[in-house]
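Scroll down for the structure; my scribbles are underneath it.
No lab work stands behind these numbers, since they all come straight from the coordinates. Predicted model only: the values in this text are computed from it and were never measured. Here the Cβ positions follow ideal geometry from the backbone for every residue, glycine too, while neighbour counts run over all protein chains shown.
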Amino acid sequence: MKMGVLTFSVRLMFLILCIFINGSFSKLERLGHPVTKSDGSLDILVFGDWGRKGGFNQSLVAHQMGIVGEQLDIDFVISVGDNFYDDGLKGDTDTSFEASFSHIYTHPSLQKQWYSVKFSPKDWRWFCRRSFVLCSGMVEFFFVDTNPFVKKYFTDPEDHTYDWSNVLPRKKYIYNLLHDLDLEIKKSRATWKFVVGHHGIKTAGQHGVAQELVDQLLPILELKIFLENKVDLYINGHDHCLQHIGSEGEIQFLTSGGGSKAWRGDIQPWDPKELKLYYDGQGFMSLRITHSEVKFVFYDISGNVLHQSRLSKKSKTFGLF
């Protein structure tokens, strides 16, 4: 019954989640993840841009994720997209699933539920098309399919063939998504609110800022009807680096796209007062969430801590360690 160490049941759970999200519902689906720790805290690993059949240090990142995952006793894993290179999955029997996932993330600590944004517009349509809300205790994660926002995928697809099933017409899809996301964020009474997408809103990485997200998504995230009801983090991949951009009292922008191929060798100009971390290499991030504080830590492929920071609800402040 096992595929490597990753059991068939875990794979099936992964697939069922993605099929469920791919439904044609007009409202964002709400999924619940149980809180099992007595103090209500959550520990999570976050990373993206990884599926290269173990190459480009993917296996080394996976190894360290397993070690840190065991130390933290993680509750689940979040992937921020681009999970199967170069052209996504072709079906539910595609061997790339085992080669880039089941046979790589074999550490016992990683045999937990995985949640992902849309893998890639090139991925086979079963896999995580729609956006959704993940609720777990005091935190809500708003997963947003950012691919349809990026105009060049439609106007200049180069040699790629994208699957836009259930997306076209694009403008209507984006309008409905933004409308539903706005409603969900406004009605949320969770202590912490994190938005998870693939593309960067604030990034000094090679791909640069996705202007469509700045124009259309960011105003919703920054809307502050009540200070205690604001979005706290925007988490993304796409740029193959580890990055923290933020100012005190504002949304913190975290990039964790170092799951495999990295070392692009360039960085876009950014205000050094906002750019708290830029690491042009492989690695991943952890989140520890309590009622009063969120701590996020970035690790390299050797398990070294590159950067850590925290948000506090009591003082409404942000600080570095």
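Some points to look at:
- Whole-number D in µm²/s for the stretch 35-88 (Stokes-Einstein; Kirkwood sum over Cα pairs; 10 °C, 1.306 mPa s): 128 µm²/s
- Of the trypsin sites (Lys or Arg not before Pro) in the stretch 242-276, those whose Cβ has at most 10 other Cβ within 10 Å and which sit in DSSP loop: K273
- Among G91, L72, V61 the positive-end extreme of the charge dipole of the stretch 59-116 (Cβ point charges): L72
- By the Stokes-Einstein formula, at 1.306 mPa s and 10 °C, the stretch 206-276 with its Kirkwood radius over alpha-carbon pairs has D equal to 118 µm²/s.
- Segment K187..Y175, full-extension length gain: 2.5 nm, with 0.36 nm per residue of separation and the alpha-carbon distance subtracted.
- Relative contact order [Cα under 8 Å, 6+ residues apart], the stretch 35-101, whole percent: 45 percent
- Dimensionless Rg over Rh [the stretch 240-293; C-alpha; Kirkwood]: 1.02
- Whichever aspartates and glutamates have a C-alpha closer than 18 Å to that of K186, once near sequence neighbours (fewer than 8 apart) are set aside: E29, E140, E222, E228, D232, E250
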